[in-house]
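The values are calculated or read from the model by the stated rules, or taken from the named source; none is laboratory data. No experiment lies behind these values; they were computed from the predicted model shown. We place every Cβ from the backbone using ideal geometry, glycine too, and count neighbours over all the protein chains shown. Only protein heavy atoms, including side chains, enter the accessible area calculation; ligands, DNA and RNA are left aside. Shrake-Rupley method; radii C 1.70, N 1.55, O 1.52, S 1.80 Å.
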Amino acid sequence: MTPATPTSAPASSAAAWWRHAVIYQIYPRSWADANADGVGDLPGITARLPHLRDLGVDAIWISPFYVSPMADAGYDVADYRQIDPIFGTLDDADELIGTAHELGLRVLVDLVPNHTSDEHEWFQAALAAGPGSPERDRYMFRDGQGPNGDEPPNNWHSVFGGGGWERVSEADGSPGQWYLHIFDVKQPDLNWDNPEVVEMFHDVLRFWMDRGVDGFRVDVAHGLVKGAGLPDVDVDPGLLERDGRGDGDNPMWDQDGVHEIYRGWRRVLEEYNPEGNPGADRILVAEAWVEPLERLALYTRSDEMHQAFNFPFLDAPWRAVDLREVIDLSLRVAHDVGAPSSWVLSNHDVVRHATRMGYAVGGDRPNGIGMHDPQPNAILGLRRARAATALMLALPGSAYLYQGEELGLPDHTALPDEVRQDPAWVRSVDPGSAEGEDVERGRDGCRIPMPWEAGATAYGFGGTEQTWLPQPEIYGALAVDRQDRVAGSTLELYRTLLRLRREHDLGVGELTWPEPENDDVLTLDVGSPAGGSVRVLTNFGADPVTLPEDVEVLVSSRELVGGRVPTDTTVWLRG
């Protein structure tokens, strides 16, 4: 087995590593393709890990690589203990984990506990066993409504569009019960009131920790427990459940019972660190679209998860007042439960921030962008994205990066509809009539294969031009080899930000707000435990801002103009 922790100690060693870590998400289908089949794989990840060592991150999080029919790009798991052949083997996973640790990188893997694939052996057994069986009790099977059970058990909808229930045929061919699938029809929801489900996931946690994994990102962490009696939802189906958000009142999301599940998981993780060594902690990270922030913080109490993604920060408009409010509240509610805030701007489920920020401030965040949709201002989007990242990486707590954002990659906003694969697209509309204004294009645009070498096949992603999703031409100009050691490039900006964040211990610093002098400027100070502080200034206004005298500019997201900070720019300063 591989070592449980990386061989190099993290910065700020007095604090648990996860309280200040910068964690980089790898989407395995799109990172690097070692066998030239057009799909990324585990050997491809291993080969490219030195890029992340040089970037300066602390850990990686790998999206699902388990056996799966790929109805939802691996988030429909058929076997939690085996690697899907398109990604490699368990030996490949062991080599990846061991190599990452040798490079000083911890490894988090994705865990999908809300549902399995309909091809999981448990679900196949449930179909064969029939109503009332122990096998069916592992899932959310219910009788239908109406005289013949022809109507679904309630009015819940799928996050991916359409109804949230599917009727099965029984062994004799007659119409039978219905099963709940809050996501795709091939993703039946598990019944977390069943002790077998609880124990199975405890075993899965141990299986991967025995192989050296350092933690788990928990998919749909707020969805496992459903409201008692499965009552109808009283809100517009286009609001909470379609967005996958919870506020404690919707029976589909954020039920209080989820917290006992994660207390049990935390106890399992602590079996692997009996001495309580902060450098050896295994961690849990919640993907929980929960509002308000006070409810999100409940997931990170000291006996539950270690982190929860800060999606309100991701969703905040590009305005000083809005960002100050969400930063201030985030730090306050996290402090109240003794947890760090975990900042994030992009991931595999949202439009990349280099694209998202190319639209007018205050608009709704689209779920995908198509060639017939209004297109973003690419120059504006990248400028704001660089400034936003420079602000984020100065904040106390942990931070998450999504693969390719260090290159300034945009979404593929001209992706042909006929190549889209996201079930959110497939279920939302007939692809043959996809010209409507309200179509959800889905998440494929942010999942495009990485560009490594501008002049190579598939920009260095692999040995075939037939990648699983096509790359836009602009990716060549943004490839790693076009930005490496190029002053002012987005890649070098990220490397500098990460180096300075570590040198000044900003992840474990204390944030204070100086008296504001300009409503269009966000100014904050982050004090280092070793003494001194870094002042961070972001200019949201149209006019350049003059810097104070006798300050040292540590880094700027954009070149200063005559010693002044232009619009959409973040600078780090030392007095």
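In terms of the mean number of neighbouring beta-carbon atoms within 10 Å, the peptides 332-340, 40-48 order highest first as 40-48, 332-340. With both labels modelled 7 Å from their Cα along Cα-to-Cβ, the Asp234 to Ser169 distance reads 4.1 nm. Multiplying the residue separation of Asp328 and Leu90 by 0.36 nm and removing their Cα-Cα distance gives an extension gain of 81.3 nm. Short-range pairs are left out: with C-alpha atoms under 8 Å and at least six residues apart, the relative contact order of the range 505-564 is 24 percent. Only protein heavy atoms count here; under a 1.4 Å probe, His157 has an accessible surface of about 60 Å². Overall, the accessible surface of the chain at a probe of 1.4 angstrom is composed of carbon and sulfur to the extent of 48 percent. Potential lengthening of the chain between Val321 and Glu515 amounts to 68.5 nm, from the contour at 0.36 nm per residue minus the alpha-carbon distance.
Dipole size of the chain about its Cα centre, with +1 on Lys/Arg Cβ and -1 on Asp/Glu Cβ: approximately 1700 debye, rounded to the nearest 20. Cβ-Cβ distance of Val551 and Ile379, R₀ of 30 Å, FRET efficiency by 1/(1 + (r/R0)^6): the value works out to about 0.60.
For the chain, the longest principal axis of the alpha carbon atoms and the long axis of helix 320-336 meet at an angle near 60°.
Which angle between 0 and 90 degrees, to the nearest 10, do you get for helix 42-55 versus the longest principal axis of the chain when only C-alpha atoms count? Taking Cα atoms only, the helix is inclined about 30 degrees. Taking every alpha-carbon pair under 8 Å whose residues sit at least 6 apart, the chain reaches a relative contact order of 14 percent.
Charges were assigned to the Cβ only: +1 to each Lys and Arg, -1 to each Asp and Glu. The resulting dipole of the range 475-575 about its Cα centre is roughly 540 debye.
When all protein chains stay in place and ligands, DNA and RNA are ignored, the 1.4 Å accessible-area order of Asp543, Asp33, largest first, is Asp543, Asp33. For the range 161-222, the calculated P(r), taken from all Cα-Cα distances in 5 Å bins from zero up to the bin holding the longest distance, is 4, 14, 15, 18, 18, 13, 9, 6, 3, 1 percent.
Of the DSSP beta bridges with both residues in the chain, give the percent that are antiparallel, rounding to the nearest 5.
Percent antiparallel among DSSP bridges in the chain is about 55.
Okay, helix-only estimate at 222 nm for the chain: each DSSP H run of n ≥ 4 adds -39500 (n - 2.57), divide by all residues, round to 500 deg cm²/dmol; what do you get? That calculation yields -7000 deg cm²/dmol at 222 nm. Near Arg495, once Lys and Arg are set to +1 and Asp and Glu to -1 for all other residues with Cβ below 9 Å from its Cβ, the sum equals -2. Here, the range 52-94 is characterised by an Rg to Rh ratio of 1.08, where Rg is the alpha-carbon radius of gyration and Rh the Kirkwood radius.
In units of the rule-of-thumb radius 2.2 N^0.38 Å, the range 271-412 shows an alpha carbon radius of gyration of 1.14.
Short version: what are the Cα gyration tensor semi-axes of the range 393-547, square root of 5 times each eigenvalue, largest first, in whole Å?
Working through the eigenvalues yields semi-axes of 38, 22, 15 Å.
Across the range 538-553, rounded Karplus estimates of 3J(HN,Hα) from the backbone phi angles (6.51 cos²θ - 1.76 cosθ + 1.60, θ = phi - 60°) give 10, 9, 9, x, 7, 9, x, 10, 7, 6, x, 6, 6, 10, 9, 7 Hz, Gly and Pro being marked x.
With N as its number of residues, the range 458-575 has a Cα radius of gyration that, divided by 2.2 N^0.38 Å, comes to 1.35.
Averaging the sequence gap over all C-alpha pairs within less than 8 Å and six or more residues apart, then dividing by the number of residues, gives the range 442-506 a relative contact order of 26 percent. Where (i) 23.1, 70; (ii) 25.5, 81; (iii) 23.5, 83 are the candidate values, the label of the one calculated here for Rg and Dmax of the Cα atoms in Å is (iii).
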